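What follows is calculated from the coordinates using simple rules that are stated; it is not laboratory data. Given the structure is predicted, the values throughout are model-derived calculations rather than measurements. Backbone-built Cβ (ideal geometry, glycine too); neighbour counts: all protein chains shown.
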Amino acid sequence: MRVRWVSLVVLLGLVLALAYAPQAGRVRAAGEQWLVKDRISSGCFSGQTGFEVEFRNLTPGEKYYADTIVKDFAGVVYMDEYFSATAPGPFDNDWYVYDLNDRGLQTGSFPLPAGQILTLVVTLRNKNEVPLWTTSVQFTCDGGDFAVTSIPGCDQYMPIKATSVVGTFVLDAPLYWAPGELVQPYTTIPAGKTAWVLGTDATGAYYKIVWVCDVLYVPRGTMGPNFDAVWGGRPLPTSNAQ
């Protein structure tokens, strides 16, 4: 009788273990990303400008949303693409700028304005449409320029205006949460890094910048123009950034 009872217990344990075992191939990936890696092609008409992209850590069989916006610094939207698909599906290695208006956000028309700096913002969302990752790129439709200048996931929520400019740190810059108030613990941005400059504080002694999902301040003498192919040494804004 005891042997039979033990056998029943073992059998019940095996049934429960199988019932709660994870399904093969359905283990969820962590840290999904949508990266923009390079420029493929140029052109101002729909479908002519393309970028090399990479989707990382997507879970096969999982539903994701692809959110693409192309806009200028004044907020005029030229491309508004939004769709869902099951991975791997269309989540491949290239992405093109199209004349689309999926959510009714489009306020500009094609062809894209030649010689004008535009921003491509791509956002990967989960099945509940919650953002997982965002990358932004600056480009001109008729050039071969390419610059990832933002902190992924942040810039579209920051107060970036048409007058904002990406600048370069010419000196190591201590960070301030307000003019004269150092961030604690003491933190510096090394020379050579870039950041959005929104303007100056009321005294003109500090630049107000976007850095790691926050609006902070650095001494004005620590930043200068960015001489890359996109910004070409454009002067930093000197107006008071409210």
Problem - Residues of type lysines that residue 208 reaches as a straight line, Cα spacing below 17 Å, ignoring anything fewer than 8 places off in the same chain - result: 161, 193
Exercise for the section: Work out how far the C-alpha atoms of the range 45-168 reach from end to end along every principal axis, then list the three figures in whole Å, largest first. Expected result: 42, 30, 27
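Please report 136, 46 as a ranked list, fewest other C-beta atoms within 10 angstrom at the top and most at the bottom.
Working: 136 22, 46 16.
The order, fewest Cβ neighbours first, is 46, 136.
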Practice task
Calculate I(q)/I(0) for the range 165-225 by the Debye formula, one identical point scatterer on each C-alpha and no solvent, and give its log10 at q = 0.28 Å⁻¹ to two decimals.
Solution key: -1.32
Handout entry: Set of lysines with alpha-carbon distance to residue 63 below 22 Å, sequence-local pairs under 8 removed
Key = 127
Handout entry: Set of aspartates and glutamates with alpha-carbon distance to residue 37 below 15 Å, sequence-local pairs under 8 removed
Key = 52, 54, 92, 94, 145
Practice task
Rounded to the nearest Å, what's the spacing between the alpha carbon centres of the range 126-147 and the range 54-74? Just the number, please.
Solution key: 8 Å
